[in-house]
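Data block below; observations after.
Derivation of every value follows stated rules applied to the coordinates shown; laboratory data play no part. None of these values were measured; they are calculated from a predicted model.
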Amino acid sequence: MGEAPAFFEEDLQGDFSDGFDLKSKGLETATVVGDKIYVIGGTDDESTSTIDVRILYKSTGEWVIPTVLGTKPKLSKGHSAVLLNEDRILIVKGDSTPDDCVWSLEVDTKFVREHNNNFETEVVAWSRGVKGDVEKPIVISGPSGVGKGTLISELMKEFPSMFGFSVSHTTRGPRDKEKDGVHYHFTERSLMEKDIKDGKFLEFASVHGNLYGTSAEAVEVVADAGKRCILDIDVQGARSVRASPLEAVFIFICPPSFEELEKRLRARGTETEEQIQKRLRNAKAELEQGQSPGLFDHILVNDDLDTCYKNLKKLLCLDGSSGITTPKSLPKMFVLPLDNSISKIDQKILMNCGTAKIEKASQLMFVLDVSSLKGGAPGRTRGLNFYAIDPFADGLNGIRQLS
Ligand code: ADP
Ligand code: 5GP
């Protein structure tokens, strides 16, 4: 809580229905959502390097500093703000790099509402905007020892530029050849529990007595690299991802028999007898849950490894049949001029660019189409679509997609 700064009263006159710039500071915007005014921007504190958020309740005049989830955007020399769907504020930063120019501050999304109960203050969440979409991640589940890891490494070896592995966090200790940051992020329970509370995980589960989880970042870094993400997670995790906004393809791997599963688990030689017994007990439940209607899109039996691998490639359309999907390199965005000003019409945000920082920028108006936005906190906001309009050109010739 605090007092409204001096500039505030005279600047907050008029209609704030879609967010607008606070002229007096240039670095701050105020956006009205119901009874709350979200003031976004730097403070007088020179040491602050990220964009701060404060909330003013219109009816009571109270200030609240919210709990901010997600990675905060770095301060820029100004930004514009526009309210989308009453639940998020889109920020367009001036003078920023291509992958740092659009951010979304979620104020009333499902993710924010889910985390409101965990904290005593208001909760908001940042999500970085990314141009274009990515292919659906692939979730691979199945009992321990069935061959998930073996199949995934085959896939990554054969198609290194196409797939990337989501590196999970776990509280279990590393096996002999396992490397931190490659096979898992090996971590401590208390640290992981704190990150879970802070909304950094897409899903987590207690598996065979340890905590395992997929951070939003683990999936997003793969997508940022233009690759399709593969997740190796247990059935509880698959269920959580199914219930989350992340759209994915779900594949369950079955052993040919329980005896064969036991043989493989012992032959791998990475667990003690006690741990093997625990994994086998859990396998029974997992094999049952794997058949749950609507949970998995595909079930593959891993009897002969080569045959199973061929079947996996077939269902991912990697066997030369139709639908081969090569990774799209992520298109570049442009650097927005410093003095951008924006307005919103339906699902299109118009940006006037007055400073020539890119070729012909002084003649261009940019349109940010937000009709197909996907994702959001705790991951990236994807599906941003930019067009440039040259107001001096006629008809459709004046519109071109930026790439
Ligand atoms: P998971 O990742 O599901 O726990 P792994 O990929 O580690 O399982 O496989 C467990 C063991 O079984 C490994 O030693 C692996 O080499 C072996 N394995 C995997 N698939 C087969 C198969 N189809 N036939 C025989 N052994 C297999
Ligand atoms: P392991 O200890 O053999 O590497 O993995 C044990 C189990 O944990 C496997 O079934 C594996 O799929 C699952 N697992 C690994 N990472 C994750 C994760 O991030 N989330 C969940 N829910 N399960 C995971």
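Amide H to amide H under 5 Å from residue 165: which residues, 5+ apart in sequence or cross-chain, H placed 1.01 Å off N in plane?
It is 230, by chain and number.
Going down the table (148/179; 72/110; 93/374; 314/374; 157/227), which pairs top 23 Å between alpha carbons?
Flagged as over cut-off: 314/374.
Which value, in Å³ per residue, describes the convex hull spanned by the Cα atoms of the range 138-315?
Expressed per residue, the convex hull around the Cα atoms of the range 138-315 is 118 Å³.
State the Kirkwood hydrodynamic radius of the range 51-170 in Å, one decimal place, computed from all pairs of distinct Cα atoms.
Taking the inverse mean of 1/r over all distinct Cα pairs, the range 51-170 comes out at 17.8 Å.
Which whole-number value in Å³ per residue fits the convex hull of the alpha carbons of the range 165-266? Walk me through the numbers before you get to the answer.
Values: hull volume 12.8 nm³, N = 102.
With only Cα atoms used, the range 165-266 gives 126 Å³ per residue.
Please figure out what share of the DSSP beta bridges in the range 138-315 is antiparallel and state it in percent, rounded to the nearest 5.
Details: 8 of 26 bridges.
Of the beta bridges lying entirely in the range 138-315, close to 30 percent run antiparallel.
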